[in-house]
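J.: This is the structure I want to talk about, given as structure tokens.
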Amino acid sequence: MTLIDGKAVSQKVLTECAEKLTRLAAQGRKPGLAVVLVGEDPASRAYVGSKVKTCAELGMHSRKIELKAATTQHELLAVVEELNYDPDIHGILVQSPPPPHIDETAIVRAIDPRKDVDGFHPVNVAGLALEDGAAFVPCTPLGCQRLLLEYSIPTEGARVVIIGRSMIVGKPLALLLMAKGRGGNATVTVAHSRCRDLPGVCREADILIAAIGRPGFVTSDFVKEGAVVIDVGINRVDDASAKNGYRIVGDVNFEEVAPKCSAITPVPGGVGPMTIAMLISNTLKAERLIHG
Ligand code: NAD
């Protein structure tokens, strides 16, 4: 059984990005990422912090914009608008979820699609469906595909089952893996909460991907002998023995499932680190598309 090391692959992606940044700097070009945080949610704060820290480590320009929880929709739209026109900023990310009084869909639609490095704007969603290489693909699905590529796990003709149909993970990942070309050409099934005989559907999979948000949901009866399992889930479970009282687990019951797999991602250290790496990679792409 191969343990898919997302930390190592993300480091490889970031090293490639650092090399590109050095080449661009020699030409006087400096890609920039703006990260907007509204409110005090500790998990969002941590995500934003690590994105900005990664930019700093790579010598990439970034702007962290922290807004109070009471920020109005109008004020947030004004911030996005300003960033759309900021020539030093090529990627814009508004950390999800915003406070409940904010209409997240309207905010995503206000971001210039050319700076939408999260790939959530309808123009980019359509671009992915149309297999337009210039479209931005959401970072977590892109990270999952990159892991499969790096470990030479063939997707062509493979039966892939994805559990979860969100616009952040499940749906874009399905489009990515069924698209023509390298890392695609798979036969994809998207399962969800209304799926009949979910374990039976999942047992068809050569590659099973869990993006559900339920700790340890995928047990050994979901998994065909020799399958590849990618665990996207990030769930906090109470753990009195841990320093902060909780630990992070995936959607897959790792101990039970791993012995049946040919390859599997751990949580943490699997898909998680890939998301930030692909965000940086998308920001370099945005700069390239804007400046040529
Ligand atoms: P979501 O809540 O938007 O979607 C969950 C999906 O799971 C839904 O489509 C739902 O139909 C499906 N589902 C729920 N219960 C089910 C059941 N009993 N049987 C079958 N399907 C069921 O979540 P999301 O944003 O897609 O995130 C999913 C998980 O991935 C979460 O744990 C999240 O934290 C994690 N995540 C990780 C990263 C990363 O960087 N690794 C990024 C995004 C999300």
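Coordinate-derived values only; no laboratory data. Being a predicted model, the structure only gives us computed values, none of them experimental. Because the Cβ atoms are built from the backbone with ideal geometry, glycine has one as well, and the counts that use them run over all protein chains shown.
J.: Which order, highest average first, do 172-182, 240-250 follow once you tally other Cβ atoms within 10 Å for each residue and take the mean per peptide?
T.: Top of the packing list down: 172-182, 240-250.
J.: With 5 Å bins from zero, work out the P(r) of segment 53-208 over every alpha carbon pair and list the percent per bin.
T.: Distribution as computed: 2, 8, 15, 17, 17, 14, 12, 8, 5, 2, 0 percent.
J.: Continuing with this model, one more query. Take the eigenvalues of the Cα gyration tensor for segment 136-253, scale each by 5, and report the square roots as semi-axes in whole Å, largest first.
T.: Its equivalent ellipsoid spans semi-axes of 25, 17, 13 Å.
J.: Same structure again: Which value, in debye to the nearest 20, describes the size of the charge dipole of the chain about its Cα centre when Lys and Arg Cβ atoms bear +1, Asp and Glu Cβ atoms bear -1, and nothing else is charged?
T.: Dipole of the chain, to the nearest 20 debye: 380 debye.
J.: Check which residues have an amide H placed less than 5 Å from ALA191's amide H, if you skip close sequence neighbours.
T.: Those qualifying (amide H under 5 Å, at least 5 residues apart or on another chain) are ILE162, ILE163, GLY164.
J.: To continue, here is another question. What do you get for Rg/Rh of segment 83-156 when both radii come from the Cα atoms and Rh is the Kirkwood radius? Provide the component values of the computation, followed by the final result.
T.: Details: Rg = 14.5 Å, Rh = 13.8 Å.
Ratio of gyration radius to Kirkwood radius: 1.05.
J.: Oh, and also: In segment 30-136, what chymotrypsin sites (Phe, Trp or Tyr not before Pro) fall in a loop by DSSP, with at most 16 other Cβ atoms inside 10 Å?
T.: Passing sites in segment 30-136 are TYR85.
J.: Please work out the Cα center distance from segment 55-111 to segment 180-226, rounded to the nearest Å.
T.: 34
J.: Something else about it: Given 10 Å bins starting at zero, what is the percent of C-alpha pairs of segment 199-292 in each, up to the one with the largest pair distance?
T.: Percent of Cα pairs in each bin: 17, 37, 25, 16, 6, 0.
J.: Just to compare against my own numbers: the Cα pair-distance distribution for segment 1-108, 10 Å bins, whole % per bin, please.
T.: 13, 38, 30, 17, 3, 0
J.: If you take the Cα Rg of the chain and divide it by 2.2 N^0.38 Å, with N the number of residues, what do you get? Show your work: numbers first, answer last.
T.: On the way: Rg = 19.1 Å, N = 292, 2.2 N^0.38 = 19.0 Å.
That ratio works out to 1.00.
J.: Which of ALA135, ALA126, ALA43 ends up with the largest GNM mean-square fluctuation for the chain, with Cα atoms connected below 10 Å?
T.: Looking only at ALA135, ALA126, ALA43, the biggest GNM fluctuation is shown by ALA43.
J.: On to the next question. Going by average Cβ density within 10 Å per residue, which order do the peptides 202-212, 93-103, 188-198 take, highest to lowest?
T.: 202-212, 93-103, 188-198
J.: Residue by residue through segment 85-94, what is 3J(HN,Hα) from phi via Karplus (6.51 cos²θ - 1.76 cosθ + 1.60, θ = phi - 60°)? Round to whole Hz and write x for glycine and proline.
T.: 9, 6, x, 8, 10, 10, x, 10, 9, 9
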